[in-house]
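For reference, the structure discussed in these notes is given below.
The values are calculated or read from the model by the stated rules, or taken from the named source; none is laboratory data. Everything numeric in this text was worked out from a predicted model, so none of it was measured. Cβ sites come from the backbone with ideal geometry, for glycine too, and all protein chains shown count toward neighbours. Just the protein is used for accessible areas: all its heavy atoms, side chains included, with ligands, DNA and RNA removed. Shrake-Rupley method; radii C 1.70, N 1.55, O 1.52, S 1.80 Å.
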Amino acid sequence: ALVQLALIAIPLVDRLQVQMTGTVVQMELIPVDPRDLLRGDYVVINLAITSVSKDVIGPDAVMPGDRVYVGLVSQGGGPVEPIVVSKTREGAGPLAIAGTVLNDTRNGLRIDYGIDAFFLPEGEGKEIERMDTKRLLLEVSVAGDGRSLPTALLVDGKAFKSYSIF
């Protein structure tokens, strides 16, 4: 029984560690509102930093499937923007999010950060779907090693829904 409890607790401890030690940043997103019959409404998250321009890419040659770290910076307290892409955590700067390169396009890279859905109570997904996407931001906790966790969905800068444990 203790082994089973430990196996259940491992992902929870990981999430708690990211939330407690991570730096909270805001990211622009483009939501789409699907539904999951078992889990209710959710917003599919398409982060603006998923597409990284060739101008941002660092000296490392990256290929689809590579694990990368995207250095982030916030201009004037607004949403974060990518400033460098590196294969090493150290090469990405003080604040970096880990991801996997999906593909290399003519304009840049498409990167998956593993943050692809934000679950909401039933019925609230349609409300988000009707909103202007410029009003929405995703608050994300980014740990020092690049792991990330969505913590809140913001509407007009205020928490609409929060995943906060505390």
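Any residue at all in segment 93-103 that is touching a helix residue (DSSP H, G or I) at 6+ places or on another chain (Cβ under 8 Å), in contact (Cβ under 8 Å) with a residue 60 or more places away in the chain and not polar (S, T, N, Q)? No, the conditions are met nowhere in segment 93-103.
The residue that is least open to solvent (accessible area, probe 1.4 Å), counting only those in segment 104-156 that are in a loop (DSSP other than H, G, I, E, B) and in contact with a helix residue (DSSP H, G or I) (Cβ under 6 Å, 6 or more places away or on another chain), is Ala143.
Residue count for segment 65-88 satisfying the condition of being open to solvent by 50 Å² or more (accessible area, probe 1.4 Å), part of a loop (DSSP other than H, G, I, E, B) and out of contact with any Asp or Glu (no Cβ under 6 Å at 6 or more places or on another chain): 5. Cβ-Cβ distances below 9 Å connect the following pairs, each with a first residue in segment 134-145 that is without any contact (Cβ under 8 Å) to a residue 12 or more places away in the chain, a second residue that is acidic (Asp, Glu), and a separation of six or more residues or different chains: Lys134/Glu28.
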